[in-house]
Amino acid sequence: MIGREPILDLNQNNTQESDFPMGLAKPALRALANKGLSRLEQVAKLSEKELKELHGIGPNAIRQLRLALESKGLTFSDNNTLEE
C-alpha cells in the first residue's frame, strides 16, 4: 500500500529487531525508539511513570506494554500499577 510504513523494521537477517506488541500505535513506537528502546527487556527497566512522561505513550500503550511484559514474565521497574 502506498503511504504505509512497516510497523517494525527488519535487521539484515530479515528478522524482527523489536519484540513490542504488533498493535502498538506509531506515536508510541516512535517515543520508544527516540528513547533508544527496541526490546521489552529495556522497557522493563523503566517505571510506568517514566514511560507516561514520553510524548506518544498513553494509557493504551501502557496497557499493551504491560501485557507484553507479563507474557515474558517481566514487569515495569516500579512494579506498581498507576491509575490510568
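At a glance:
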quantity	calculated
Gain on full stretching of the segment that runs from residue 42 to residue 75 - 0.36 nm per residue minus C-alpha separation	10.8 nm
Overall Cα dimensions of the range 26-71, principal axis frame, Å, largest first	24, 20, 19
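Each value in this text was obtained by applying a stated rule to the coordinates, not by laboratory testing. Bear in mind that the values here come from a model prediction, so they are computed numbers and not experimental data.
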